[in-house]
Amino acid sequence: MQLQRTSYKLTEFFLLFVALPVSLVLEYSPYVKAGLVLTGFIYIIWILLKVEKQEFKINKLLNWKLFWQRTLVLLIIISILTTAYVYFTDASNLFIVVRTKPFMWIIIVLVYSLLSVYPQELIYRTFFFLRYESLFKDPKMLTFINAIVFCLAHLLFKSTLVLILTFLGGILFAWTFQRTRSTLLVSIEHAIYGSWLFTVGMGAMLGFPT
């Protein structure tokens with residue numbers, strides 16, 4: 001089948017995960033950019049449903065206890081490091097949204113988790129691993145490539161710190177997906193860490209309203 005050929009997948013990978021995100025940094029119509037992103041997302045959903053025959057259901061065998069233990073430990077570490085970072089670089093922003101606009105904080109966290117995180121994980125974990133896992137013999141290389149393209153998706157923020165954070169986040173999320181094969185679990189993990197960055201006062205650099 002043409003859509004399953006290695007040459008087709010490599011071209012698809014380049015267009016979706018390299019050319020498109022890099023192009024968003026360039027100066028051209030935001031309407032065209034939105035149209036390209038929407039077209040790419042529709043294509044990915046079509047491939048998942050019609051070509052890869054992906055079934056969106058919750059795996060009853062998931063190890064929720066292990067997931068929460070690992071996620072909470074990492075959250076504690078991330079919380080300590082990021083709180084210290086904000087405190088020493090711009091203390092006035094520490095927990096600023098929670099302190100000044102708690103209702104907006106709740107709304108943004110919910111909207112972000114449902115309308116941003118889940119689509120990202122469908123694209124960068126579910127679709128990526130289903131389509132391209134067979135092209136890489138080394139799982140570590142696959143994880144590295146996944147983290148790189150996830151980092152590229154955030155080029156439009158034009159921030160070195162954002163690129164570092166999204167690269168590290170990409171590695172964490174890739175590991176979670178490789179172990180669990182669960183879009184739900186990796187979306188929860190992504191939402192928790194992303195919401196924390198917004199909460200602690202680092203949301204502006206990631207495009208969160210403040």
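Kindly evaluate Tyr87 against the criterion of being part of a helix (DSSP H, G or I), of a type in the set (Phe, Trp, Tyr), within 24 Å of Ala174 (Cβ to Cβ) and modelled with pLDDT of 95 or more. Spelling it out, it is not the case that Tyr87 is part of a helix (DSSP H, G or I), of a type in the set (Phe, Trp, Tyr), within 24 Å of Ala174 (Cβ to Cβ) and modelled with pLDDT of 95 or more. For Lys65, are the conditions met, namely being part of a helix (DSSP H, G or I), among the basic types (Lys, Arg) and closer than 21 Å to Phe129 by Cα? So Lys65 fails the test.
Restricted to the stretch 126-183, and to residues there that are more than 19 Å from Val22 (Cβ to Cβ) and of a type in the set (Lys, Arg), the residue that is nearest to the chain's Cα centre (by Cα) is Arg181. Can you confirm whether the stretch 161-178 contains a residue that is in contact with a Lys or Arg (Cβ under 9 Å, 6 or more places away or on another chain), under 24 Å from Val109 (Cβ atoms) and not hydrophobic (A, V, I, L, M, F, W, C)? Checked against the condition, which is being in contact with a Lys or Arg (Cβ under 9 Å, 6 or more places away or on another chain), under 24 Å from Val109 (Cβ atoms) and not hydrophobic (A, V, I, L, M, F, W, C), the stretch 161-178 yields at least one hit.
None of Thr71, Thr39 is touching a residue at least 60 places away in the same chain (Cβ under 8 Å), among the polar types (S, T, N, Q) and part of a helix (DSSP H, G or I) except Thr71.
Take the conditions (1) modelled with pLDDT under 95; (2) over 24 Å from Leu10 (Cα atoms); (3) part of a helix (DSSP H, G or I); (4) not small (Gly, Ala, Ser); Pro209 misses just one of them, which is (3).
The values are calculated or read from the model by the stated rules, or taken from the named source; none is laboratory data. All figures in this text were calculated on a predicted structure; none of them were measured in a lab. Heads up, the Cβs are rebuilt from the backbone with ideal geometry, glycines too, and the neighbour counts pull from every protein chain shown.
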